[in-house]
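Peer 1: Okay, here's the structure, questions in a sec.
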Amino acid sequence: MVDDSHSWTAAPAAAERARSVLAAAWSCSVTAEGTREELVGATTVAEDGRVLVEVPEDSALLAAAICAPRGEPSAVLEFADVAPVPLRSRIRARLWLAGWFAVEEGRLAFTPTRVVLRQPSGAVVVDLDDFAAAVPDPLTTAEARLLTHLADCHADAVERLTRLVDSDSLHGAVRVQPLAVDRHGLTLRIERARAHGDVRLAFHRPADDVAQLTERMHVLLGQASAASCPRALQRQRTDGDG
């Protein structure tokens with residue numbers, strides 16, 4: 001992978017990013033007492049970051065929660081953050097929570113004792129107090145819809161935004177797609193023949209809802225319209241590659 005990480009600015013803090021991954025996840029893998037279960041649509045998240053899990057009465061997880069000494073790490077939950085737009089290497093981040101289960105009102109309540117977030121830039125251990133206090137990005141639940149709409153209906157806008165990208169990052173580009181969006185900015189995936197890289201376009205100020213995001217995108221597009229067209233993409237069109 002070509003490292004375009006130098007272009008990333010105004011990114012969410014690790015604790016906020018972790019809570020966003022957790023809030024958006026529809027499924028997770030759970031490893032406990034030597035067994036591994038895949039859960040789909042079975043988890044919700046409490047305000048303090050505990051994961052509430054609905055399991056059947058014969059679940060091995062329920063037995064593990066009953067048998068494990070309280071407070072000792074008894075399970076690991078793994079969540080994957082998958083880009084909603086089809087592209088190469090769609091896993092944007094992975095989140096691991098190690099901790100213990102307790103039975104609570106007929107369901108399992110998982111309290112994390114260690115939180116690890118892995119992104120393309122590397123893995124980081126998230127402070128537990130920061131994790132408990134953080135809130136998901138306000139655009140988390142709308143991100144998939146926003147990005148697929150941008151990719152499917154506004155390819156011209158995506159191409160225009162590449163005028164804000166350093167020409168070195170566009171060298172050899174064959175396709176550019178929206179990878180992620182949060183209150184701080186938009187991330188584009190630049191795909192090449194055998195590699196790819198990501199570049200970050202920061203907003204002039206954070207967006208706390210979709211209406212504010214619309215304004216921030218208009219500002220970016222205005223800046224892009226005033227910029228010159230990247231020579232790399234000009235050559236791509238001239239050569240008939242894009």
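The values are calculated or read from the model by the stated rules, or taken from the named source; none is laboratory data. Computed from a prediction, not measured in an experiment: that's the story for all the values here. Positions of Cβ are generated from backbone atoms using ideal geometry, with glycine treated the same way; all protein chains shown enter the neighbour counts. Note: areas computed on protein heavy atoms with side chains; ligands, DNA, RNA excluded. Shrake-Rupley method; radii C 1.70, N 1.55, O 1.52, S 1.80 Å.
Peer 1: With springs only between Cα atoms under 10 Å, which of Thr44, Thr111, Thr214 fluctuates most in a Gaussian network model of the chain?
Peer 2: Thr214
Peer 1: Label points 7 Å out from Cα along the Cβ direction at Ala157 and Ser89: separation in nm?
Peer 2: Here the answer is 2.7 nm between the modelled labels.
Peer 1: Now a separate question. What whole-number value in Å² describes the accessible area per residue of the chain for a 1.4 Å probe?
Peer 2: Roughly 51 Å² per residue, with all protein chains present.
Peer 1: Let me ask something else. Please give the net charge around Pro206, taking every other residue with its beta carbon less than 10 angstrom from that of Pro206, where Lys and Arg add +1 and Asp and Glu add -1.
Peer 2: Overall, the nearby charge balance is 0.
Peer 1: Of the heavy-atom accessible surface of the chain (probe 1.4 angstrom), what whole percent is carbon and sulfur?
Peer 2: Ligands and nucleic acids excluded, carbon and sulfur reach 51 percent.
Peer 1: Going by alpha carbons, how many degrees (0 to 90, nearest 10) lie between the helix axis of 143-153 and the longest principal axis of the chain?
Peer 2: Computed tilt is about 30 degrees.
Peer 1: How large is the charge dipole for the chain, taken about the Cα centre, if only the Cβ atoms of Lys, Arg (+1) and Asp, Glu (-1) carry charge, to the nearest 20 debye?
Peer 2: 1040
Peer 1: Quote the FRET efficiency, to the nearest 0.05, computed for His171 versus His149 with a Förster distance R0 of 22 Å and r equal to the Cβ-Cβ distance.
Peer 2: So the FRET efficiency works out to roughly 0.15.
Peer 1: In the chain, if the dipole is taken from +1 on Lys/Arg beta carbons and -1 on Asp/Glu beta carbons about the Cα centre, which of Val45, Leu164, Phe203 is farthest to the positive end?
Peer 2: Leu164
Peer 1: What does a probe at Asp130 reach in the range 17-57, counting residues whose amide N is under 18 Å from the point 7 Å along Cα→Cβ?
Peer 2: The answer is 17-23, 48-50, whose backbone nitrogens lie closer than 18 Å to the label point.
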